[in-house]
Amino acid sequence: MDILDLSIREMRQALEEGRTTPKELLEKALERAKKDDCNAFESILEKEAYEALEGLGKNSGPLYGIPYLTKDNFSVKGIETVASSNILKGYRPLYDATVTRKLKEAGAILIGQTTMDELAMGGTGMSGHLGYTYNPYDPSHKRMVGGSSSGSAAAMAEAVVPFATGSDTGDSVRRPASLAGLVGVKPTWGRISRYGLFPFAPSLDHVGYFTRYVEDAALLLGVLAGHDPHDMTSSHRPIEDYAAYLDGNIKGKTFVRILDIEESLSDKRLLEALDRLSEELIKRGAVIKKERFGKDLLESLYATYIVISCAEATSNDANLDGIKFGPYYEGKTYDEAMRKARTAGFGELIKRRFVIGSFALMKENQDVLFLRAQRNRAKVVARLNELLALGDALLIPAASGVAPEFEAGGDKLSDEYLIADNHLVLGNFGGLPSISLPLAFENGLPLGVSLTLAPFKEGEMFRLASVIEDITGLRGLSVLNRKEGNL
Ligand code: GLN
């Protein structure tokens, strides 16, 4: 096993015992980054990474010498950061995002920025300005790794680094994590500061991250969580010792399965694996309940998400006018210059979403579209809270199956699409902690399962997830370190 396949805790141990050095970790990570053939990178920051290494000094932070990657929508001071969009070409943030700063202070070394769906809108890894990002599990490059945090997921599946940042507005960390055999985390809204994260739809936006081990996910939250005076919405709740929850004891813990989501799935292997996982959880003392969410509400999720997120995005991205950031286009008036910049700068998907957002925000449409979507969101969250009151966590497949092919097409109004591939947005509607992790393999491609809990139950989330990881035997996965799994 290569040192880069180890968990962060094991890497730290190897560093302490002198079995490796931060320099060796960095060299190996850069070597793997350069071998990437999945279009995972916006940049490889080799020079900056060596400078950061020099600057480590006596840093004894919890991530001392650990290399990592960041999604291209986290501000990195002085480094071009463009959210995979031409509209931001040349933009160099004047300050670090709080996440960037905290990781630096903890001793982590940033080695590059990863590709994404443009401005974090989308779930395919097809809309970024550098083209498609591929799923490392499919060497023929026919399959997507998902998005919008595509490059982070791809590079993590290539085991370039032990963790990478992402952002999750609908599912953009947890779904790609599922398609790439990784652990993907989105904690409670407000648990991690969003200062310096380019906004997409702030009422739904969460900082998230990818790891290959649940224990690493617990460790990282301890580093990233906490109140930030720069982000009014960040929580004052004390940070917990999340690793202390990993005791393997799930006696009496109740998992709630949602039948109307499962019924929307056609992948038998996925359902079988979920059943077997349930049996194993019961053997360890857990209780499984089967409930229904309400099909009407589930079918409304995607439309509600699109209206709210596009409306918020339209408003937030109004500042991308070609004057304040990115390339300037000559025009006789502000309108003309702005129109030229936005026409040239945004991709097709973004334009479509801005049309939806502007339409929903027009005075005459606000009540039937934007406010109605808000009312429906409230209904969904009320139902979610009723279900969470019945147990400790919702246990739901993280995606409808394995990574789809780019050209798969499919019926966008089918239950499989509307429900099975969009239910993770529940966690964003409610601002709830949610995790996805590997469940099993199907024809060499990963399948994932998700847990969603009540606000600020991250510790519990890691406890339950680590037991699932123990049952599946799927930890530390990458295309270089493949495992079959136990289910
Ligand atoms: N797939 C969703 C979308 O298309 C989620 C995006 C996200 O979470 N950033 O918007």
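The values are calculated or read from the model by the stated rules, or taken from the named source; none is laboratory data. Just so it is clear, the structure is predicted and the values come from calculations on it, not from any experiment. Reconstructed Cβ throughout: ideal geometry from the backbone, glycine too, with neighbour counts over all protein chains shown.
Could you tell me which residue of the stretch 246-289 is farthest from ASP392 (Cα to Cα), considering only residues that are of a type in the set (Gly, Ala, Ser) and part of a loop (DSSP other than H, G, I, E, B)?
Step one: of the stretch 246-289, the residues of a type in the set (Gly, Ala, Ser) are 248, 252, 264, 266, 273, 278, 285-286.
Checking the rest, the ones that are also part of a loop (DSSP other than H, G, I, E, B) come to 248, 252, 264, 266, 285-286.
Working: GLY248: 15, GLY252: 10, SER264: 23, SER266: 27, GLY285: 13, ALA286: 10 Å.
My answer is SER266.
The set of residues in the stretch 277-314 being more than 26 Å from HIS423 (Cβ to Cβ) and either free of Cβ contacts under 8 Å to residues at least 24 places away in the same chain or within 16 Å of the ligand (Cβ to nearest atom) (or both) consists of LYS283 alone.
How about the stretch 124-147: which of its residues are without any contact (Cβ under 8 Å) to a residue 40 or more places away in the chain and within 11 Å of the ligand (Cβ to nearest atom)?
If the condition is that a residue be without any contact (Cβ under 8 Å) to a residue 40 or more places away in the chain and within 11 Å of the ligand (Cβ to nearest atom), then GLY147 is the only one that fits.
Restricting the search to the stretch 357-371, which residues are farther than 30 Å from GLY131 by Cα, of a type outside the set (D, E, K, R) and in a helix (DSSP H, G or I)? Result: LEU361, ASN365, GLN366, VAL368, LEU369, PHE370, LEU371.
Would you point out which residue out of SER60, SER7 is surrounded by 15 or more Cβ atoms within 10 Å (Cβ to Cβ) and among the polar types (S, T, N, Q)? Full working, then the answer.
Working: SER60 fails: surrounded by 15 or more Cβ atoms within 10 Å (Cβ to Cβ).
None of the others qualify; the one that does is SER7.
Taken together, GLY184, GLY170, GLY146 contain a single residue that is part of a strand (DSSP E or B), within 14 Å of the chain's Cα centre (by Cα) and within 18 Å of SER400 (Cβ to Cβ), which is GLY184.
Report whether or not VAL160 is within 26 Å of LYS89 (Cβ to Cβ) and among the aliphatic types (A, V, I, L, M).
yes
So is PHE198 closer than 24 Å to GLU442 by Cα, within 16 Å of the ligand (Cβ to nearest atom) and buried (at least 24 other Cβ atoms within 10 Å of the Cβ) or not? No; evaluated as a whole, the condition is false for this residue. When LEU221 is tested against the conditions (1) part of a loop (DSSP other than H, G, I, E, B); (2) of a type outside the set (Asp, Glu); (3) more than 14 Å from the ligand (Cβ to nearest atom); (4) crowded, with 23+ Cβ neighbours inside 10 Å, the lone failure is (1).
Given the options MET156, MET116, MET121, name the one that is closer than 29 Å to ILE419 by Cβ, more than 16 Å from the ligand (Cβ to nearest atom) and either modelled with pLDDT of 95 or more or surrounded by 24 or more Cβ atoms within 10 Å (Cβ to Cβ) (or both). Break it down stepwise before answering.
On the way: MET116 fails: more than 16 Å from the ligand (Cβ to nearest atom); MET121 fails: more than 16 Å from the ligand (Cβ to nearest atom).
The unique qualifying residue is MET156.
Tell me yes or no: at least one residue of the stretch 73-95 is away from the ligand (no atom under 16 Å from the Cβ), out of contact with any Phe, Trp or Tyr (no Cβ under 8 Å at 6 or more places or on another chain), free of Cβ contacts under 8 Å to residues at least 24 places away in the same chain and of a type in the set (A, V, I, L, M, F, W, C). Among the residues of the stretch 73-95, at least one is away from the ligand (no atom under 16 Å from the Cβ), out of contact with any Phe, Trp or Tyr (no Cβ under 8 Å at 6 or more places or on another chain), free of Cβ contacts under 8 Å to residues at least 24 places away in the same chain and of a type in the set (A, V, I, L, M, F, W, C), which makes the answer yes.
Based on what the data block shows, is LEU437 surrounded by 24 or more Cβ atoms within 10 Å (Cβ to Cβ), within 16 Å of the chain's Cα centre (by Cα) and within 16 Å of the ligand (Cβ to nearest atom)? If you could, list the steps in order and put the result at the bottom.
On the way: surrounded by 24 or more Cβ atoms within 10 Å (Cβ to Cβ): yes; within 16 Å of the chain's Cα centre (by Cα): yes; within 16 Å of the ligand (Cβ to nearest atom): no.
So LEU437 fails the test.
Any residue that is crowded, with 22+ Cβ neighbours inside 10 Å and assigned to a loop (DSSP other than H, G, I, E, B) - is there at least one of those in the stretch 84-91? The answer is yes, given that some residue of the stretch 84-91 is crowded, with 22+ Cβ neighbours inside 10 Å and assigned to a loop (DSSP other than H, G, I, E, B). Could you grab me the full set of residues in the stretch 202-212 that are surrounded by 24 or more Cβ atoms within 10 Å (Cβ to Cβ) and part of a loop (DSSP other than H, G, I, E, B)? Hits for the stretch 202-212 are ASP205, ARG212.
Is it the case that GLY427 is within 16 Å of the ligand (Cβ to nearest atom), crowded, with 24+ Cβ neighbours inside 10 Å, over 27 Å from ALA373 (Cβ atoms) and in contact (Cβ under 8 Å) with a residue 40 or more places away in the chain? It is false that GLY427 is within 16 Å of the ligand (Cβ to nearest atom), crowded, with 24+ Cβ neighbours inside 10 Å, over 27 Å from ALA373 (Cβ atoms) and in contact (Cβ under 8 Å) with a residue 40 or more places away in the chain.
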